[in-house]
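Only one structure is covered here, and it is reproduced in the block below.
The values are calculated or read from the model by the stated rules, or taken from the named source; none is laboratory data. Treat the numbers as computed from the prediction; the structure is a model and nothing was measured. Cβ placement follows ideal geometry from the backbone for every residue including glycine, while neighbour counts extend to all protein chains displayed.
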Amino acid sequence: MSDAGVKRGTFITLEGPEGSGKTTAARHLAEWLRTRGTPTVLTQEPGGTPLGEEVRRIVLHERGMSDDLDPRADALLFAAGRAQHVASVIRPALERGDWVVCARYLDSSLAYQGAGYGNDPVELRRLQDFATYGLLPDLTILLDVPVEVGLERTRRRSEWNRFEDTEQVAFFETVRAAYLRLAAGEPDRFRVVDGSGSVEAADDAIRALVEPLLA
Ligand code: TYD
């Protein structure tokens with residue numbers, strides 16, 4: 001973690017396409033870590049800071065803006081939120097020795113802004129490196145779920161977001177495939193967990209992956 005200071009805590013991210021259960025799994029993982037006596041910060045992207053919440057509103061929920069973003073502007077907005085999140089939340093927590101559990105991080109940009117919206121993958125990686133001060137997670141759990149299953153789960157949500165107006169199935173197939181490629185390309189950092197079963201099944205699989213890191 002070159003420019004990011006001395007790192008002491010463990011950094012875990014959860015990734016996956018829509019409706020894969022990241023938010024619930026992240027919350028359960030953080031609660032479980034705390035019961036094991038591990039101080040844990042639970043956070044998410046886009047979000048995690050006032051700037052991140054503003055980015056979230058612009059890129060996801062602002063009709064007429066979020067659905068008409070230039071792909072580079074989109075990538076830069078997510079990256080701006082990420083830089084602030086690393087600087088003011090994630091890095092200080094890790095330096096204190098806390099663990100950080102984060103739902104979505106730079107791999108979301110590689111999958112969505114890269115594969116999904118066609119930004120150049122090499123440039124996009126460089127942008128992530130810049131935004132995060134080179135901070136990579138110690139472990140990234142990819143919750144993999146078939147696109148139709150994930151979309152069916154998200155249809156129960158109420159607030160409009162820009163993805164509702166896209167050619168959903170094709171777009172999310174692209175995102176899912178990109179995630180699986182990222183996981184295959186970095187096998188030391190990634191673990192893939194089946195997100196199509198019960199919440200309990202995913203929780204158990206995730207705990208089994210995290211348990212060895214507690215030692
Ligand atoms: P969110 O409501 O957090 O959904 P989920 O529970 O599926 O994570 O919405 C996050 C959305 O933002 C999701 O559709 C993916 C998108 N996103 C990007 O396109 N790029 C990014 O870098 C991040 C963090 C999220």
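Hey, does region 80-103 have a residue that's farther than 28 Å from LEU33 by Cα and either surrounded by 18 or more Cβ atoms within 10 Å (Cβ to Cβ) or small (Gly, Ala, Ser) (or both)?
Here is the first cut: in region 80-103, the residues farther than 28 Å from LEU33 by Cα are 80.
Within this subset, residues satisfying the condition of being either surrounded by 18 or more Cβ atoms within 10 Å (Cβ to Cβ) or small (Gly, Ala, Ser) (or both) are 80.
Taking every residue of region 80-103 in turn, at least one turns out to be farther than 28 Å from LEU33 by Cα and either surrounded by 18 or more Cβ atoms within 10 Å (Cβ to Cβ) or small (Gly, Ala, Ser) (or both).
Taken together, the criteria place SER109 among residues that are crowded, with 24+ Cβ neighbours inside 10 Å and under 20 Å from GLY52 (Cα atoms). Restricting attention to region 93-149, the residues that are aliphatic (A, V, I, L, M) and within 16 Å of GLU173 (Cα to Cα) total 8. So for region 120-130 (the condition being closer than 21 Å to GLY21 by Cα and either within 16 Å of the chain's Cα centre (by Cα) or within 13 Å of the ligand (Cβ to nearest atom) (or both)), does at least one residue qualify? Scanning region 120-130 turns up no residue that is closer than 21 Å to GLY21 by Cα and either within 16 Å of the chain's Cα centre (by Cα) or within 13 Å of the ligand (Cβ to nearest atom) (or both).
Pairs linking a residue in region 160-180 that is among the polar types (S, T, N, Q) to a residue that is at pLDDT 90 or above and crowded, with 17+ Cβ neighbours inside 10 Å, with Cβ atoms under 9 Å and 6 or more positions apart or on different chains, are THR166/GLY116; THR166/PHE172; GLN168/VAL147; THR174/ALA111; THR174/ALA115; THR174/GLY116.
Among the numbered conditions (1) within 15 Å of the ligand (Cβ to nearest atom); (2) not β-branched (Val, Ile, Thr); (3) not in a loop (DSSP other than H, G, I, E, B), the only one that GLU18 does not meet is (3). Taken over region 16-67, the residue count meeting the criterion of being within 12 Å of the chain's Cα centre (by Cα) and at pLDDT below 90 is 1. Each residue in region 107-119 was checked for being more than 9 Å from the ligand (Cβ to nearest atom) and in contact (Cβ under 8 Å) with a residue 60 or more places away in the chain, and 2 of them qualify. Closer than 17 Å to LEU94 by Cα, surrounded by 13 or more Cβ atoms within 10 Å (Cβ to Cβ), in contact with a Lys or Arg (Cβ under 6 Å, 6 or more places away or on another chain) and not hydrophobic (A, V, I, L, M, F, W, C) - does that describe any residue in region 47-64? Checking region 47-64: not a single residue is closer than 17 Å to LEU94 by Cα, surrounded by 13 or more Cβ atoms within 10 Å (Cβ to Cβ), in contact with a Lys or Arg (Cβ under 6 Å, 6 or more places away or on another chain) and not hydrophobic (A, V, I, L, M, F, W, C). For region 133-146, the count of residues that are near the ligand (Cβ under 10 Å from one of its atoms), of a type outside the set (A, V, I, L, M, F, W, C) and surrounded by 15 or more Cβ atoms within 10 Å (Cβ to Cβ) is zero.
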